[in-house]
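Laboratory data are not the source of any read-out in this text; all were calculated from the coordinates shown. In this text, all values refer to a predicted model and were calculated from it rather than measured experimentally. Backbone-built Cβ (ideal geometry, glycine too); neighbour counts: all protein chains shown.
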Amino acid sequence: MKYQEITDLLRFNENESNVFMPNEIFEDLQNNMKKGVHIPVAYSYYYLITWMYRHAKYGELQIDNKKIKEILGYNADTKGIDYILKKNGLLDTMGYTETVKDFPVVWELSEDEGLTFTLLSEMDDYFQEEIKGNISRKYTIKFPVKGFERTYDEEGNVEQWGTFFELDNTHGIPFEVFMYCMDNDKIGCTGFYLYAFLKMNNQIFRGAYDIPMKTLSEKTGLPYRTMADSLSNLRQYKMVEGIHNQEYFCLAMEDYKRKANSYITNKFESFTDQPVEYEKMKVLESKEYYKLLEEQKEEKEESFPLELLPF
């Protein structure tokens, strides 16, 4: 779905930009999903339903899973990802979502009470009938559990409140970034997921995140080729900057000579509408690499001062 279509459909305004996600979601999804290619879909879905709940969009719009599929770049009748979204599906069983009928129609933020929601069930009968008259009796929404509660102690008491109330160990992704990714077929859910993972680590390490390509694939749970192609697209559209920490690469290089690339996630304002070329690391064949090593050895021997020779 195109950026403007999502904006219009969800009635987005710039005051609704902020969304915070729990850092543990990356590991949790990998521990619970067998299909690595669907991990980004689950992440993107949870991100979207978190945003909609936080900004009380359900009563206003009555968005269902079919429409959400379209936003995520799927056909509304696609069945292949239903196991993630449906009632008692993957996200429900993981404890990330609950399928419920009640939903917020108003949210407020005050110094005394902080963030509060007013649910449909708490409104007067007239208002409830107005809303219910426009939706199916079977209409349900996803309650974002991690927005309210995240961890519990041994007695089952809340140990850490959710991302709506505490920002420790979270990463923030502006909603504009989400819409941009869904608008671009080359980015989509996979690119959004990978960008979010790198953004989280930029926040943790307070700057560039150094990581080898193979390790990045492992830590995101994405197949290597899928991850590499997606990362390339993120760099082409200036969503991510890559810094090469070595002059060239060769498969024959000793491990101690290899240096991981550094990655920096850009802000939304830096993204481009069209792909642009980015500097790629020079790749040497084994013959070229060994020839270069020999030349460097010869140069070193020629530059060695004669007075230091032992005779």
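Quick look at the values:
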quantity	calculated
Residues of type lysines that Lys257 reaches as a straight line, Cα spacing below 19 Å, ignoring anything fewer than 8 places off in the same chain	Lys214, Lys280, Lys282, Lys287, Lys291, Lys297, Lys300
Label selected from (1) 5, 23, 29, 20, 10, 6, 4, 2, 1, 0, 0; (2) 5, 21, 24, 19, 18, 10, 2, 1, 0; (3) 6, 28, 34, 23, 8, 1, the criterion being P(r) over Cα pairs in 10 Å bins from 0, in percent as computed here	(1)
Antiparallel DSSP beta bridges within the chain, percent to nearest 5	90 percent
11 Å beta-carbon shell around Lys86, net charge (K/R +1, D/E -1)	+1
Ranked by how many other beta carbons lie within 10 Å on average, peptides 182-192, 83-93 from highest	182-192, 83-93
Amide hydrogen neighbours beyond the local backbone of Asp210, cut-off 5 Å, H modeled	Tyr263
Among beta bridges that DSSP assigns inside region 187-290, antiparallel share in %, nearest 5	75 percent
Distance histogram in 5 Å bins (all Cα pairs of region 82-203, percent per bin)	2, 9, 12, 15, 20, 19, 14, 7, 3, 0
Whole-angstrom Cα spans of region 187-290 along principal axes, big to small	43, 28, 26
Likely footprinting exposure, Ser217, Ser230, fewest C-beta neighbours within 10 Å first	Ser217, Ser230
Alpha-carbon Rg with Dmax, taken over region 129-273, Å	19.8, 71
Cα-Cα over 24 Å, subset of Lys57/Lys101; Lys69/Lys238; Lys79/Lys138; Lys86/Lys219; Lys79/Lys267; Lys67/Lys138	Lys69/Lys238; Lys86/Lys219; Lys79/Lys267
Calculated from backbone phi, Karplus (6.51, -1.76, 1.60) coupling profile of region 201-211 in Hz, x at Gly/Pro	6, 5, 6, 5, 8, 6, x, 5, 10, 8, 7
